[in-house]
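Here the structure comes first, spelled out in structure tokens, and everything after it is commentary.
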There are 2 protein chains.
Amino acid sequence: MTPTFPADVTQVGLAVDVAAFAMHAGELRVLLVQRGELPHARDWALPGGLVRGGEELHEAALRVLHTETGVELEPRHLEQFHTFGEVGRDPRGRIVSVAHLAVLPHGTVEVSSGGHTLGAEWLSAHRPPPLAFDHRSILDRALTRLQLRLEYANLALEFLPDTFTLPELQGVHEAILDRPLDKRNFRKRLLAQGILTPSGERRVGVGRPAQLYRRAKSARAAAL
Amino acid sequence: MTPTFPADVTQVGLAVDVAAFAMHAGELRVLLVQRGELPHARDWALPGGLVRGGEELHEAALRVLHTETGVELEPRHLEQFHTFGEVGRDPRGRIVSVAHLAVLPHGTVEVSSGGHTLGAEWLSAHRPPPLAFDHRSILDRALTRLQLRLEYANLALEFLPDTFTLPELQGVHEAILDRPLDKRNFRKRLLAQGILTPSGERRVGVGRPAQLYRRAKSARAAAL
DNA sequence: ACAAAAGTGTTAAGTGTACACCCATGT
DNA sequence: ACATGGGTGTACACTTAACACTTTTGT
């Protein structure tokens, strides 16, 4: 039975934090901001901020992403994955944060300092710098969820442009799982899922040109 | 980057709701309270309430469970699984609720009306009565999570007393999954996991007595 | 012709699933 | 002896993982 009104309790602040991922230089990167204020001034942190009164949680996530990093593009995937509410997690008071996982397509590189941060950068997701507050555990949990989503949904496609080659797709999987995969097994498995259609085009590069694929017109997989 | 202080925003209320499950009469039941106040007076709802300032989320979950249903016992399992924050979900204002999944052992039957509710009862989890607010979707999601946890962790054991028979354990699985399971395959799978040890005792009943088992001394499985 | 990256099949092991009869006890 | 529920094994389909060479292109 949800709340009694009016509240007989001290108020609790509600925030969102966003772990936004993208591929850069063949590596999985997470979008971090360098804090310009105490506490944790000059430390890296996930973009985040308080939720406004009439604002949906996912809207708040998009807003802080935009204002703190300048990222314009709609994420291809946005999903809350855990709520962090430990009493001592923020020295400024009782703040409960709904953590979100976002995936941005390759190409969304440009980030600009915004708000009261010193800057924003894409940094290694698996080997991040020290992070403010409890953001390291938020990031760790985001990575776990991202890895889980690779298998169920086909989240890897969201990291790539409309057309892509199988080696590129395999690279995304390897970057997310942080381990190498067998080429033949990977191709077999992906093609068997029937979610890819060859575009007919090929991508020329250093070696043999690769077939380009795009995602077949079909629905996405189930949620958790 | 977590919140800027002081907040330039309307405050948002933070609550917890609890979907507490137990077995009764061979059926999976969820603990519901009948609301005594508007809105949704006389409708069934999940136990829930506002989080207090210095209180951890799981503490709040235990508190509302206790005060609204009289359930004393510590749940064998307590886990947050999703945060429901849609703007219109509560007509009284902007309330964001962190939903929790709880498992109570068989035997925790007694519930008493508490607080401002008309009463509390264990009702069918798969075929619940109409629920207040968005509690039906919260319950549905709790069920999905519970089913998921059956495979990964061995959450079914938490529904049973210290010693139990394999048919009893299978009954818990079937009640949670809401479908029958093959006896031989079930036993094979469970015994292969090596998490059960025969207690030597047997339970006499109508037919052939069943071997009693208890959980082996070993750790629990990983989180999601 | 060489370097570089794409592409291609087979085998073995393990896992999941379907399925039917005998056993131990109480009445 | 019969009713009731407990306990047992095997065969097939499918999935997963390991493994090395050939093909296509540019230089």
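Every condition in (1) under 26 Å from A:G53 (Cβ atoms); (2) crowded, with 24+ Cβ neighbours inside 10 Å is met by B:R52 except one, and the failing one is (2). Is there a residue in the range A:152-159 that is within 14 Å of chain B (Cβ to nearest Cβ) and away from DNA strand C (no atom under 12 Å from the Cβ)? Within the range A:152-159 (the criterion being within 14 Å of chain B (Cβ to nearest Cβ) and away from DNA strand C (no atom under 12 Å from the Cβ)), the answer is yes, since at least one residue qualifies. Being of a type in the set (K, R), outside any loop (DSSP other than H, G, I, E, B) and touching a helix residue (DSSP H, G or I) at 6+ places or on another chain (Cβ under 9 Å): is that true of B:R141 here? In short, no. Of all residues in the range A:184-194, none are of a type in the set (G, A, S), at pLDDT 95 or above and part of a helix (DSSP H, G or I).
For the range B:76-89, check the following and say yes or no: at least one residue is among the acidic types (D, E), over 13 Å from the mean Cα position of the chain (by Cα) and over 18 Å from A:V98 (Cα atoms). The answer is no, given that none of the residues of the range B:76-89 is among the acidic types (D, E), over 13 Å from the mean Cα position of the chain (by Cα) and over 18 Å from A:V98 (Cα atoms).
Being out of contact with any helix residue (DSSP H, G or I) (no Cβ under 7 Å at 6 or more places or on another chain) and in a helix (DSSP H, G or I): is that true of A:R179 here? Considered against the rule, which asks whether it is out of contact with any helix residue (DSSP H, G or I) (no Cβ under 7 Å at 6 or more places or on another chain) and in a helix (DSSP H, G or I), A:R179 comes out as no.
Inclusion of B:H173 among residues that are surrounded by 17 or more Cβ atoms within 10 Å (Cβ to Cβ), at pLDDT 95 or above and not in a strand (DSSP E or B) is warranted.
Quickly run through the range B:124-167 and pick out the residues that are within 16 Å of DNA strand D (Cβ to nearest atom), without any contact (Cβ under 8 Å) to a residue 24 or more places away in the chain and surrounded by 15 or more Cβ atoms within 10 Å (Cβ to Cβ). Within the range B:124-167, B:A156 is the sole residue that qualifies.
Right, B:R76: surrounded by fewer than 24 Cβ atoms within 10 Å (Cβ to Cβ), within 10 Å of chain A (Cβ to nearest Cβ) and touching a residue at least 40 places away in the same chain (Cβ under 8 Å) or not? No, not satisfied.
Give just the number: which of (1) free of Cβ contacts under 8 Å to residues at least 24 places away in the same chain; (2) within 12 Å of DNA strand D (Cβ to nearest atom) does A:Q211 not satisfy? Only one criterion is unmet by A:Q211, namely (1). Considering the conditions (1) assigned by TED's automatic domain parsing to the domain that holds B:V71; (2) in contact with a Pro (Cβ under 9 Å, 6 or more places away or on another chain); (3) of a type outside the set (D, E), B:S137 is excluded by exactly one of them, (2).
Would you check if there is a residue in the range A:190-198 being under 23 Å from A:H77 (Cβ atoms), more than 16 Å from DNA strand D (Cβ to nearest atom) and loosely packed, with under 15 Cβ neighbours inside 10 Å? Yes, some residue in the range A:190-198 is under 23 Å from A:H77 (Cβ atoms), more than 16 Å from DNA strand D (Cβ to nearest atom) and loosely packed, with under 15 Cβ neighbours inside 10 Å.
The values are calculated or read from the model by the stated rules, or taken from the named source; none is laboratory data. Model, not experiment: these values are computed from the prediction. All Cβ positions, glycine included, derive from the backbone under ideal geometry; neighbour counts span all protein chains shown.
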